[in-house]
Amino acid sequence: MKISIFGLGYVGCVSLGCLAKNGHQLIGVDINALKVDLINQGKPTIVEKDIDQIIREGHSAGRIAATQQAAEAVVASDISIICVGTPSSPQGHLNLDYIYKTAEQIGEALKGKDSFHTVVIRSTVLPGTNRKFGEVMAAVSGKERGKDFSVVSNPEFLREGTAVKDYYHPAITVIGGDHEGALEQVSSLYRDLDAPIEITAIEVAEIIKYVNNSFHALKITFANEVGNISKALGIDSHQVMELFCKDTHLNISPAYFKPGFAYGGSCLPKDLKGLVTLGHDQYVATPVLSGVHESNEYQKRTAYELIARTGKRNICFVGLSFKEGTDDLRYSPSVDLAEKLIGKGFRISIYDPNVRLSKLVGANRSFIDEHLPHLSDLIAEDLDTALAEAEVVLINHRNFDAAPHKEKLAQKDAVVDLVRIPELEDLPNYSGLCW
Ligand SMILES: NC(=O)c1ccc[n+]([C@@H]2O[C@H](COP(=O)([O-])OP(=O)(O)OC[C@H]3O[C@@H](n4cnc5c(N)ncnc54)[C@H](O)[C@@H]3O)[C@@H](O)[C@H]2O)c1
């Protein structure tokens, strides 16, 4: 395929070399004359393992060239891959000037091109950039997205220092777009890589890179805070984290990675607090671990606000314990939410097949006596009774068998879902907590 690459920095130079190595015809574009000259001499613009040889070979084979003329490169290619920089502004916002400048340049060049053109945004950009990029191209070229051109989002996951290796061995290749032909064309570029190709919505492809990198930063700071506390206590932090990584059920796994309601129960809040206090007593600051509780409280406030915004006062809780399949009410975020709603004058009813007041004993009973002393007045024996007066239904348990009750739920003013029950999502009165 004939491909132009906009931006010949770390990402662009590696893409240029690796795509040429895979047999494609490449033309690089950069505003920096020095970078263009280097490529035209068969030299890379960056220092990276293996890149010298890859660029040299591609150049010798006549598959790599570069220019400062955007129009020349667009006309000579079927696909333009955008790898220009997206630096932060001094205020911390993303500066997308280089991105939109290339949209103008490509739009201008398309005036002189009759064939369909695909643009691939490889740079890290905020959600919404792809669509705006297309608008700029359409306005400048007078051509139509979907008919004359397409814009595809394909974030780059390589890391400097191992860029070539990362290019050939990504965990996944993410491609977001709205044109089947363009998606097919871009997928074909990566078919030889030993990694699944994930076709997704444009905005999902745009945000994933931010989510990935934020999580990587979180992992590093989490390990460092564990390290600092461990060191203060004379514990080998590397031994701790090595062991931590061996739990592939709950630690290094998809467990818990579902956006939803706050955590609770008798262990997570208590043990997190215990570790933070341990750090505090050793004069070790733990801003990440300490921030976890605040984030959890925010999620409870978000749920409360979603209910309050309905303007209704009669709320039915489907599920009260901290998760399905248990009667443990201790530190259940739903108990907190119920307590807050009652305090604000809402009337609540509760349906939870596992919670029978007569069977609650010990710490579980004491907790509920302290937080919801009138639980027996609120809890219903069956769902129909709980729903009878309700205007808003709050779903809190994943195992709720919603299908048989869908019609009844549709008649309520609102269904607020804290766990994401797929069968309910098409109800007109449905609100998901964070989806
Ligand atoms: N460096 C990484 O490890 C890495 C990894 C993944 C993603 N990314 C993302 O990829 C993008 C590029 O990163 P990078 O590190 O390669 O940047 P870089 O600064 O090394 O290179 C960007 C290049 O774009 C050129 N440029 C700017 N405007 C241009 C225009 N209108 N036409 C042609 N060229 C133009 C610049 O001269 C520069 O050579 C960024 O969004 C970055 O966040 C970077």
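What follows is calculated from the coordinates using simple rules that are stated; it is not laboratory data. Just so it is clear, the structure is predicted and the values come from calculations on it, not from any experiment. Backbone-built Cβ (ideal geometry, glycine too); neighbour counts: all protein chains shown.
Computed quantities for the displayed model
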item: Axial C-alpha extent at least 27 Å, average Kyte-Doolittle at least -0.5 - helices from the chain (DSSP); result: 202-232
item: Förster radius 25 Å - calculated FRET efficiency between Asp37 and Asp97 (Cβ-Cβ, nearest 0.05); result: 0.55
item: Mean Cβ neighbour count within 10 Å, used as a protection proxy, ranking 6-19, 337-350 highest first; result: 6-19, 337-350
item: For Glu198, net neighbour charge (Lys/Arg +1, Asp/Glu -1) across residues whose Cβ lies under 15 Å away; result: -3
item: Amide H partners (placed H, <5 Å) of Val152, local residues excluded; result: Val119, Val120, Ile121
item: Protection-proxy order for peptides 391-398, 271-278, each taking the mean of Cβ atoms within 10 Å per residue, highest first; result: 391-398, 271-278
item: Directionally averaged projected area (convex hull, Cα atoms, the chain), nm²; result: 26.4 nm²
item: Residues Leu275 and Leu357, FRET efficiency given R0 of 30 Å [Cβ-Cβ distance, rounded to 0.05]; result: 0.35
item: Contour minus Cα-Cα distance for Lys49 and Asp78 (0.36 nm per residue); result: 7.5 nm
item: Chain lengthening between Ala171 and His216 when straightened (0.36 nm per residue, less Cα-Cα); result: 14.8 nm
item: Calculated log₁₀ intensity ratio I(q)/I(0) where the Debye formula runs over C-alpha points of the stretch 2-200, q = 0.13, 0.16, 0.18 Å⁻¹; result: -0.64, -1.01, -1.30
item: Fraction of beta bridges assigned by DSSP in the chain that are antiparallel (%, nearest 5); result: 5 percent
item: Alpha-carbon spread of the stretch 10-123, three principal axes, descending order, Å; result: 39, 39, 23
item: Per-residue [θ]222 nm for the chain (sum of -39500 (n - 2.57) over DSSP H runs n ≥ 4, rounded to 500); result: -13500 deg cm²/dmol
item: Nearby lysines by direct alpha-carbon distance to Lys412 (threshold 16 angstrom, same-chain neighbours under 8 apart not counted); result: Lys312
